[in-house]
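Worksheet for the structure shown next.
The values are calculated or read from the model by the stated rules, or taken from the named source; none is laboratory data. Bear in mind that the values here come from a model prediction, so they are computed numbers and not experimental data. Heads up, the Cβs are rebuilt from the backbone with ideal geometry, glycines too, and the neighbour counts pull from every protein chain shown. These accessible areas exclude ligands, DNA and RNA; they are computed on the full protein's heavy atoms, side chains included. Shrake-Rupley method; radii C 1.70, N 1.55, O 1.52, S 1.80 Å.
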Amino acid sequence: MFRYEWYKLWHNRKLVCFLLLLIVLNGVYFWYHAEKGDVPAHAYRKLTGELSGLNETEAFSEIEEQKKAVRSILYGVPEDTSVFYNQAEYCDNLWQEYTLFTFISEEYSDVTAYREYLGKVIRSAEEYKRMTALFGEDKKILADIEKTSRDYQKIDGLTISYTRTRGISEALSLPSSVFLEMLLAVFLASVLFAKEKEQGLLRLYASMSAGRGRMFAVRIGVLSLAVAVSNALFFTSTILTGCFLYGFPTNGFLTMPLQSLAGYKTAAAQFSIGTFLLTAYVWTWMVSVLAILLASFFSMVLKSAMRVYIVLFSIIAVEGYLYLMIDARDYHSVFRRINLISFADSGYSLGQYHNEVLFGAAWTYAYVALALMMLIGTAVFCGGVFLINHGFGATPKKSGRRQKAGDNNEQAAGTHTSILVHEAVKFFRFEKIGLLLIVLLLNVLFFTKPYHNYFGSMEQVFYQTYLERLGKVEPEEYEHCVEMFREEFATEKKQVSKPEQLRPKETALAWTEDYVAYLKTKDGARAVDSRGYELLYNDRIKNVILAAASILAAILCGTALYAVEYRSGMDILIRTSAERKRVAGYKILLLIGAITACFLMIYGRYIHQVISGYGTEGVGYQANSIRDWEKVSSGITIGLRLTGIYIKRFCGMLLAAYASVLIVRKIKNFLLSAVISVMAMIIPLVLCLIDSGIVSYLALNWFFVL
């Protein structure tokens, strides 16, 4: 049985090609991420290569000299240094080169000052007690600090040395690897479970007198071994890519203490770098196995493959959003740490020192995460074995009405002869697209409130006041108004005792002068408050969230359109029917109608919220009145420009739906088609939250975030 399931999994050519494609895409993204960051990988590799012949102290002194020389040019501060710079040697400009020197200087400083850092951490508990003697101690903070001091005492006296390991640490923290490994685990589980789920073969497994639990256990074993192989490929290729980009470390680095690994000086574990890398690989494998267990469990429990898909990717999307958006120092950062995506980040979980204070005691974060994973995994595995042995979820639940109709969907929905009605019933009722539209409608009705007209600072308050006054006059009078603003400010400045009180107003006046100077270059442009309009086109995080929701809705609609036919084999009959063109036309009509409804309820709601809070004043002005649109033709208004943007997003939804239809026609499996569609079209959007530039042009991103 094990050999059969293994053969079925790895002889799926689509799976093997998809795995290789993900590895290549992950490597390409890593290269882009490394080269387009604040410190380009090629510059880091070149400079650290030149310093490799020096010891830590000499290299630190050398890099500090170069840093001072560049600083003297950038800030005009004379420095006592023998190094002189005329132009950037390693980067594109001196500012980037200064960042490079600062970055590498900190790396060497972490090594040379490590003993001092260790001593401070060990003494931290005593210092905290001394500082809080008069004010009282926070027991949670004290428990954390005392445990930290005890843990670091175990490595007191540890010495570390510098080696070029930045590529390894960057590989361990690469966000795309974390998400792709999780999604690949779900994809592997869907390959083994989805086909049987859609074809109703779980009923056959439920009728087996013995071996049902064994089959479930064998499949989990096969998937666990498969994800070990796939994660090994991901892990190894990512680390090798990192070493190639940032430079390979010296020989023998695997036996160095973990604290020698770049960015891991806070670690308190007595690991070598080699042991840590092996542990990190095993850790990511365990998290992937947990994802497999969850995917397998939901595949058995939920009646519909669509529900399995929605639940799994909702979990990954929500936890991924919490992990990316919540700051580690935030008061509700517990949702970031106790999180499946956070667990999968092995560098954060194992390499960085963190404690969780539970029940009055501090616990190492890695132990807490391990305990939670084992608890969840054991519960899910036992529940899955129990359910499959009792045939739960294998036989669809039938209502009395459907039983009387002899399981005939058409009779259950009412007798009719219209092809359009028949297709609509299948699409909206049996494939639950109607439920999706109802959920979106309820979201619009109960959770739509106007956006608050928010000012982030006093500078913005004064700036909007100036804009309102400019809006009451013609463009020819703008310069006169600015002169009047200057006179008012000069008079007010003489009347106040503390000139720094007027600094926000002075900044706002400078913004106004700059904006008026810009408007002079655009014939016919007028002053406009663009804050509300910027929310409609330039709020990157909101754009990605709305785009992900709209693409997901489009994928559900497109994939569900042909799900019944491919599940039952009726697609062959339809293709040979004389009414095939009418059927295809009605399907397209239903799909466009569903996409239009989703678009109105997702984007229409957001537009209504913004407009209700900020208004539409200036919507008829030239689009180049907004500085972001300075290259737009003067014949296009703000309203027309925004209309074009949202037409583009609607076309993006249609294209996403069409792409999902093509995929389901090729794959002929609902869950696998939906998984592939999500990976191909939504993952690039998630990457836009992490990076911009060329990533914004991947897949359908041009329609939604540009």
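When the chain is fully extended, how far beyond the present Cα-Cα distance does residue 156 get from residue 497, taking 0.36 nm per residue of separation?
Gain in length upon complete extension: 117.1 nm.
Given a Förster radius of 45 Å and the C-beta distance between residue 372 and residue 506 as r, what FRET efficiency does 1/(1 + (r/R0)^6) yield to the nearest 0.05?
0.25
Run the accessible area of segment 577-617 with a 1.4 Å probe and give the carbon-and-sulfur part as a rounded percent.
Details: 1290 of 2080 Å².
Whole-percent figure for carbon plus sulfur exposure: 62.
Hey, with R₀ at 56 Å, roughly what FRET efficiency would residue 619 and residue 42 work out to, going by the Cβ-Cβ distance, to 0.05?
0.75
Give me the 1.4 Å probe accessible area per residue for segment 611-706, excluding ligands and nucleic acids, in Å².
On the way: 4090 Å² over 96 residues.
Roughly 43 Å² per residue, with all protein chains present.
What does the extension gain come out to for residue 382 and residue 662, with contour length at 0.36 nm per residue minus their alpha carbon separation?
Here the segment from residue 382 to residue 662 would lengthen by 97.0 nm.
Full-extension gain between residue 21 and residue 490, please, as 0.36 nm times their residue separation minus the C-alpha to C-alpha distance.
So the chain would gain 162.4 nm between residue 21 and residue 490.
Treat each spin label as a single point 7 Å out from the Cα along the C-beta direction, and report the residue 244 to residue 215 distance in nm.
4.3
Find how many whole Å separate the alpha carbon centroid of segment 257-276 from the alpha carbon centroid of segment 439-507.
52
Can you tally the net charge around residue 502? Count Lys and Arg as +1, Asp and Glu as -1, for every other residue whose Cβ sits under 12 Å from the Cβ of residue 502.
Result for the neighbourhood of residue 502: 0.
What are the residues whose amide H is under 5 Å from the amide H of residue 355, where those residues sit 5 or more places off or on another chain and H is modelled from the backbone?
Under 5 Å from the amide H of residue 355 lie the amide H atoms of 365, each far enough along the sequence or on another chain.
How many nm is it between the label spots at residue 479 and residue 106, if each spot is 7 Å from the Cα in line with the beta carbon?
About 4.7 nm separates the two model spin labels.
How much FRET efficiency would the formula 1/(1 + (r/R0)^6) give for residue 357 and residue 542, where r is the Cβ-Cβ distance and R0 is 41 Å, rounded to 0.05?
E between residue 357 and residue 542, to the nearest 0.05, is 0.75.
Could you sort out which of 472/493; 67/265; 14/542; 522/648; 36/449; 36/154 sit more than 30 Å apart by Cα distance in this structure?
14/542; 36/449; 36/154
Per residue, how much space in cubic angstrom lies within the convex hull of the C-alpha atoms of segment 1-127?
Hull volume over Cα atoms, normalised by residue count, gives 220 Å³.
Could you give the accessible area per residue of segment 474-549, probe 1.4 Å, as a whole number in Å²?
57
Label-point separation (nm) for residue 634 and residue 338, each offset 7 Å from Cα along Cα-to-Cβ?
6.2
Report the residues of segment 465-488 in range of a label on residue 457: point 7 Å along Cα→C-beta, backbone N strictly under 20 Å from it.
Residues 465-468 fall inside that zone.
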